[in-house]
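Colleague: My questions all concern the structure below.
The values are calculated or read from the model by the stated rules, or taken from the named source; none is laboratory data. Here the structure is a predicted model, which is why all the values come from computation and not from measurement. Note that we place each Cβ from the backbone using ideal geometry, even for glycine, and neighbour counts take in every protein chain shown. The protein model used for the area step is the full one, side chains on, heavy atoms only, and it has no ligands, DNA or RNA in it. Shrake-Rupley method; radii C 1.70, N 1.55, O 1.52, S 1.80 Å.
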Amino acid sequence: MKITKKVFKEEMIQRLKEKYAMDISDATPQELFHVLGSVVKTYYADDWVQTWKDYLTEETKQVYYFSIEFLPGKMLKSNLLNLGILDTVRDGLTELGFSLDDIVDQEKDMALGNGGLGRLASCFMDSIASCGLPGNGNGIRYDYGLFKQRFVDGYQVELPDEWLNNGNVWEVRKESKAIDVRFGGDVYMMPLADGRLKPVYENSRLIKAVPYDTAMVGYQNDVVNTLRLWSVEIPASEESKYRSLEDRRELEDLTAVLYPDDSNERGRRIRLLQEYFFVSAGVQSIVRYFKKLNKPLTTMSQSIAIHINDTHPALCVPEMMRILLDECDLSWEQAWEITVKVMSYTNHTIMSEALEKWPIELMQDLLPRMYQIIEEIDRRFVNQYRKYYEADLIERTRIIRNGQVHMANLAIIGSHSTNGVAKLHTDLLKNVVLHDFYVIFPGRFNNKTNGIAERRWLQLSNEPLAKLLDKTIKTSWRQKPNDLHLLQNFVEDDAVLSAIEEAKYKNKVALAQYIKETTDIVVSPNAIFDVQIKRLHAYKRQLLNLLHILKLYFDIKAKPDLQMEPRVFIFGAKAAPSYSYAKAIIKTINETAQLINNDPDVKDRLKIVFLENYNVTLAERIIPAADVSEQISLASKEASGTSNMKLMLNGAVTLATLDGANIEIRDAVGKENIVIFGLTEEEVYAYYHAQNYNALGIYEDSPTIQKVLNAFIDGTIPNIQFEGQEIFDSLIKYNDEFFVLRDFDSYCLAQKRIEELYQDKRRWQQISLINIANAGKFSADHTVERYAEDIWQIEPVFAHKELTR
Ligand code: GLG
């Protein structure tokens with residue numbers, strides 16, 4: 001798209017006048033943001049309409065990515081970059097007397113997700129469009145996103161995220177595409193004259209699902225896909241049923257808030273309704289679209305792929321069956337064949353408490369027709385496979401058992417593909433967690449290692465490095481992330497090596513300034529910036545990081561003139577509001593920060609900075625400034641991780657266990673260019689089998705560990721009487737579920753190694769360069785291309801255009 005600076009400036013002036021009846025010189029940043037947003041929208045409007053028309057007229061096969069979370073962050077800059085007008089707009093605004101960055105600050109971070117899973121969905125949206133793949137997102141438009149985190153006396157406090165307060169420029173409400181969704185009441189099957197059965201509903205309720213569409217602009221390729229988020233309303237026909245305000249509110253609350261639990265879902269009514277709401281609206285609208293194509297339903301999988309992102313949208317399976325059976329009059333066999341061919345599923349965790357299950361009564365009560373269909377799927381599954389497998393295996397894999405509906409089982413049985421998100425994770429699924437299913441359906445299992453959108457995580461967030469790359473290896477890496485490899489040729493080039501260091505330094509100065517402004521803590525950009533940013537979870541072991549910091553602190557106290565490389569330990573993490581252990585760790589880190597940051601003996605050798613409200617925007621500030629990337633989960637527990645990829649892309653050195661995608665990062669950079677420590681997955685499982693882990697024994701044998709752990713309960717760390725005891729007990733009384741103590745020594749040695757490497761400046765620069773050069777492999781562009789080929793069987797539109805040209 002060719003937009004000149006002159007045209008852009010005129011449009012800004014004109015639209016501002018129209019919208020706010022004022023001269024541009026009088027506009028506030030907020031007003032400028034809204035006008036700029038609407039101008040940018042006009043730049044992609046034609047392509048958005050055209051992309052959609054092309055899909056329809058060319059009958060392109062499309063994928064619909066169903067996810068209960070999307071975490072796009074801010075969209076202004078990303079849209080400008082992808083439209084190829086970032087510099088034009090920036091310069092135009094400067095000439096008008098404004099700074100783009102001030103305007104960007106006005107945008108609310110769209111945070112309709114908790115963490116990795118939601119952010120992955122958004123990286124995929126960006127990559128799908130940028131690779132020219134025909135794909136759309138389908139989710140929920142929550143009125144409130146993930147809570148805002150504040151610290152009060154070191155405790156996490158949650159505030160509502162009112163992201164829609166000033167409206168949302170990017171969305172388009174499509175009232176005419178609304179869909180009715182039915183729930184509750186009773187259902188029975190009435191025989192028709194021709195012998196078929198029709199469901200009859202009594203006392204059920206209808207709610208209206210209204211879609212809000214947001215453009216997913218591809219990277220300089222004229223492709224604009226759609227993220228469709230559904231919001232609940234009461235249909236006019238049902239108004240009379242809602243007598244009281246409370247009645248209404250209960251319904252309107254359906255899409256009010258995102259559940260803030262990262263991986264431990266607790267079965268709640270509203271959550272199940274949310275799941276059905278966006279699934280039913282989405283699947284109904286897909287079938288409505290497919291019918292426009294006038295093709296036999298039995299060919300649906302040639303036009304449509306539906307992806308089930310984690311189990312939350314697993315009701316896609318019975319909902320598609322319902323539509324095909326009840327509304328399209330297909331036989332069970334026909335409907336089932338179509339459904340399985342259309343659906344595919346990704347598993348994101350092996351933590352058993354996160355495997356979703358719903359009580360039968362709840363499902364029957366809220367979604368009676370869904371339950372009937374699930375029962376029939378379950379009955380047929382048992383019937384079909386009990387001939388071939390032992391009864392126990394069938395019992396373990398069936399969908400309904402022990403009074404509960406097992407959503408992962410439903411997703412696996414009802415789809416043609418199940419994938420894990422890193423090699424190790426997929427192996428664990430095949431061999432351990434989902435082994436029974438692997439026995440029955442070996443061909444359905446495959447791996448798709450996660451990836452990240454390098455446009456946001458390097459081009460936008462790290463301009464100093466991006467510019468340096470352009471200068472050093474030219475600009476092809478911006479289109480083809482694998483071309484970052486070209487940087488490898490400069491591994492002995494002193495000028496390039498120091499330029500990388502300078503770019504990092506610049507980013508560290510900027511972060512240090514942000515830290516000063518937000519926390520009043522002064523940190524030196526010459527210190528090692530050691531970063532752990534992710535949700536707060538016991539298995540991610542922020543606690544291990546803290547124990548090591550305390551060890552360093554006691555080393556300094558014991559030897560006041562101890563020589564060490566100054567370090568700033570930076571944390572960013574939200575804890576689920578109901579996860580009291582995670583909150584205890586936040587409190588303890590904050591109190592330890594008070595202790596260490598204010599102890600004159602420490603003399604700036606150690607600083608702890610826990611930044612509030614970790615979100616996409618904050619990640620964009622921290623990641624470019626990181627020297628060390630902490631990826632220290634207990635081996636086997638982190639399915640993949642994606643901050644590990646973002647940090648390596650920005651030249652941080654990874655300090656990691658052999659968990660999730662860390663293993664593939666090690667393979668990509670070579671073992672000399674990463675620091676690995678800790679138990680392996682096999683060793684962890686060996687402890688499980690032998691049941692001989694003994695945390696108390698480790699404590700008793702190690703004076704260092706004793707000193708560090710006693711600090712939690714003897715008043716050394718102030719103000720944590722309750723939390724300190726809880727953490728101490730988790731390790732000693734409850735035998736340290738995540739082997740923190742077992743990995744402690746090995747972690748301390750690894751940290752020593754980090755320090756030695758850092759002191760060898762050139763070596764450090766080289767490692768940093770090698771990490772950047774090998775990060776292209778983890779581009780989400782490659783990941784979605786593999787999904788497209790192996791699972792969805794969709795093709796880039798360019799390929800199609802080339803052929804038809
Ligand atoms: C999960 C996992 C992460 C994974 C992410 C995306 O815990 O390891 O990287 O999904 O696949 N619940 C999550 O965030």
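Colleague: Restricting to helices (runs of 4 or more DSSP H) lying wholly in the stretch 60-154: which have 3 or more residues that are without any contact (Cβ under 8 Å) to a residue 24 or more places away in the chain and either open to solvent by 10 Å² or more (accessible area, probe 1.4 Å) or within 16 Å of the ligand (Cβ to nearest atom) (or both)? Explain how you work it out, then say what you get.
Modeller: Numbers: elements: 76-83, 86-96, 100-104, 116-130.
Per the criteria, 86-96.
Colleague: Continuing with this model, one more query. Within the bounds of the stretch 392-400, is there any residue that is within 16 Å of the ligand (Cβ to nearest atom), touching an Asp or Glu at 6+ places or on another chain (Cβ under 7 Å) and either closer than 20 Å to Val317 by Cα or of a type outside the set (A, V, I, L, M, F, W, C) (or both)? Outline the logic, then answer.
Modeller: In the first step, residues of the stretch 392-400 are kept if they are within 16 Å of the ligand (Cβ to nearest atom); the result is none.
So far as the stretch 392-400 goes, no, none of its residues is within 16 Å of the ligand (Cβ to nearest atom), touching an Asp or Glu at 6+ places or on another chain (Cβ under 7 Å) and either closer than 20 Å to Val317 by Cα or of a type outside the set (A, V, I, L, M, F, W, C) (or both).
Colleague: If a residue must be within 16 Å of the ligand (Cβ to nearest atom) and either over 18 Å from Asp530 (Cβ atoms) or of a type in the set (D, E, K, R) (or both), how many such residues does the stretch 655-683 contain?
Modeller: Of the residues in the stretch 655-683, the ones within 16 Å of the ligand (Cβ to nearest atom) are 656-665, 681.
Subsequent filtering for residues that are either over 18 Å from Asp530 (Cβ atoms) or of a type in the set (D, E, K, R) (or both) retains 658-661, 663-664, 681.
Residues flagged as within 16 Å of the ligand (Cβ to nearest atom) and either over 18 Å from Asp530 (Cβ atoms) or of a type in the set (D, E, K, R) (or both) within the stretch 655-683 amount to 7.
Colleague: Right, something else. Only one of (1) assigned to a strand (DSSP E or B); (2) surrounded by 15 or more Cβ atoms within 10 Å (Cβ to Cβ) fails for Met190. Which number is that?
Modeller: Met190 satisfies all of (1) assigned to a strand (DSSP E or B); (2) surrounded by 15 or more Cβ atoms within 10 Å (Cβ to Cβ) except (2).
Colleague: If Val200 satisfies all but one of (1) assigned to a loop (DSSP other than H, G, I, E, B); (2) surrounded by fewer than 17 Cβ atoms within 10 Å (Cβ to Cβ), what's the number of the condition it fails?
Modeller: (1)
Colleague: Oh, and also: Considering every residue within the stretch 169-185, establish whether at least one is part of a loop (DSSP other than H, G, I, E, B), open to solvent by less than 40 Å² (accessible area, probe 1.4 Å), in contact with a Cys (Cβ under 9 Å, 6 or more places away or on another chain) and of a type outside the set (Val, Ile, Thr).
Modeller: From the stretch 169-185, those part of a loop (DSSP other than H, G, I, E, B) are 169-170, 174, 178, 184-185; that's our starting set.
Next cut, open to solvent by less than 40 Å² (accessible area, probe 1.4 Å) only: 169-170, 178, 184-185.
Cutting the leftovers down to in contact with a Cys (Cβ under 9 Å, 6 or more places away or on another chain) gives us none.
No: zero hits.
Colleague: Can you name every one of the helices (runs of 4 or more DSSP H) wholly within the stretch 458-564 that holds 3 or more residues which are over 21 Å from Gln751 (Cβ atoms)? Before the answer, list the steps.
Modeller: Numbers: elements: 463-473, 494-519, 542-558.
Answer list for the stretch 458-564: 463-473, 494-519.
Colleague: Filter the stretch 555-579 down to residues that are surrounded by fewer than 23 Cβ atoms within 10 Å (Cβ to Cβ) and either without any contact (Cβ under 8 Å) to a residue 40 or more places away in the chain or under 20 Å from Phe529 (Cα atoms) (or both), then give me how many there are.
Modeller: The number of residues fulfilling the criteria is 11.
Residues checked against (1) free of Cβ contacts under 8 Å to residues at least 12 places away in the same chain; (2) among the small types (Gly, Ala, Ser):
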position: Arg196; (1), (2): no, no
position: Val223; (1), (2): no, no
position: Ala236; (1), (2): yes, yes
position: Arg243; (1), (2): yes, no
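Colleague: Using the structure shown, decide if Asp262 is under 25 Å from the mean Cα position of the chain (by Cα), in the same structural domain as Val200 (by TED's automatic domain parsing) and buried (at least 21 other Cβ atoms within 10 Å of the Cβ). Steps first, answer last, please.
Modeller: Numbers: under 25 Å from the mean Cα position of the chain (by Cα): yes; in the same structural domain as Val200 (by TED's automatic domain parsing): yes; buried (at least 21 other Cβ atoms within 10 Å of the Cβ): yes.
Yes, satisfied.
Colleague: How many residues, within the stretch 423-457, are within 13 Å of the ligand (Cβ to nearest atom), farther than 19 Å from Met125 by Cα and either open to solvent by less than 20 Å² (accessible area, probe 1.4 Å) or touching a His at 6+ places or on another chain (Cβ under 9 Å) (or both)?
Modeller: Result for the stretch 423-457: 5.
Colleague: Among the residues of the stretch 620-636, are any assigned to a loop (DSSP other than H, G, I, E, B) and open to solvent by 10 Å² or more (accessible area, probe 1.4 Å)? Don't jump to the end; show me each part of the working.
Modeller: Step one: filter the stretch 620-636 for residues assigned to a loop (DSSP other than H, G, I, E, B), giving 626-627, 632-636.
From the residues that got through so far, the ones that are open to solvent by 10 Å² or more (accessible area, probe 1.4 Å) too are none.
No.
Colleague: Can you tell me how many residues in the stretch 640-671 are in contact with a helix residue (DSSP H, G or I) (Cβ under 8 Å, 6 or more places away or on another chain), part of a helix (DSSP H, G or I) and either at pLDDT below 95 or open to solvent by 30 Å² or more (accessible area, probe 1.4 Å) (or both)? Write out each step before concluding.
Modeller: Of all residues in the stretch 640-671, those in contact with a helix residue (DSSP H, G or I) (Cβ under 8 Å, 6 or more places away or on another chain) come to 640-665, 668-670.
Filter again for part of a helix (DSSP H, G or I), leaving 643-649, 662-665, 668-669.
Of the ones still in play, those that are also either at pLDDT below 95 or open to solvent by 30 Å² or more (accessible area, probe 1.4 Å) (or both) are 663.
Here the count works out to 1.
Colleague: I've got another one for you. Looking at the stretch 728-752, I want the residues that are under 17 Å from Ile713 (Cβ atoms) and open to solvent by less than 60 Å² (accessible area, probe 1.4 Å) and have a partner that is polar (S, T, N, Q) and part of a helix (DSSP H, G or I) with Cβ atoms under 9 Å, at least 6 apart or on another chain. Which pairs are those?
Modeller: Once the first residue is under 17 Å from Ile713 (Cβ atoms) and open to solvent by less than 60 Å² (accessible area, probe 1.4 Å) and sits in the stretch 728-752, its partners that are polar (S, T, N, Q) and part of a helix (DSSP H, G or I) give Phe728/Asn710; Asp736/Ser730; Val740/Ser730.
Colleague: What pairs can you find where one residue is in the stretch 516-536 and not assigned by TED's automatic domain parsing to the domain that holds Arg119 and within 16 Å of the ligand (Cβ to nearest atom), the other is open to solvent by 10 Å² or more (accessible area, probe 1.4 Å) and among the polar types (S, T, N, Q), and their Cβ atoms are less than 6 Å apart, with a gap of 6+ or different chains?
Modeller: Ile533/Ser643; Lys534/Ser643
Colleague: Scan the stretch 345-353 and tell me whether some residue there is assigned by TED's automatic domain parsing to the domain that holds Asp194, modelled with pLDDT under 95 and in a helix (DSSP H, G or I).
Modeller: Initially, the stretch 345-353 is screened for residues assigned by TED's automatic domain parsing to the domain that holds Asp194, giving 345-353.
Restricting the remaining residues to those that are modelled with pLDDT under 95 gives 349-353.
Subsequent filtering for residues that are in a helix (DSSP H, G or I) retains 352-353.
Looking for residues that are assigned by TED's automatic domain parsing to the domain that holds Asp194, modelled with pLDDT under 95 and in a helix (DSSP H, G or I), one finds at least one in the stretch 345-353, hence yes.
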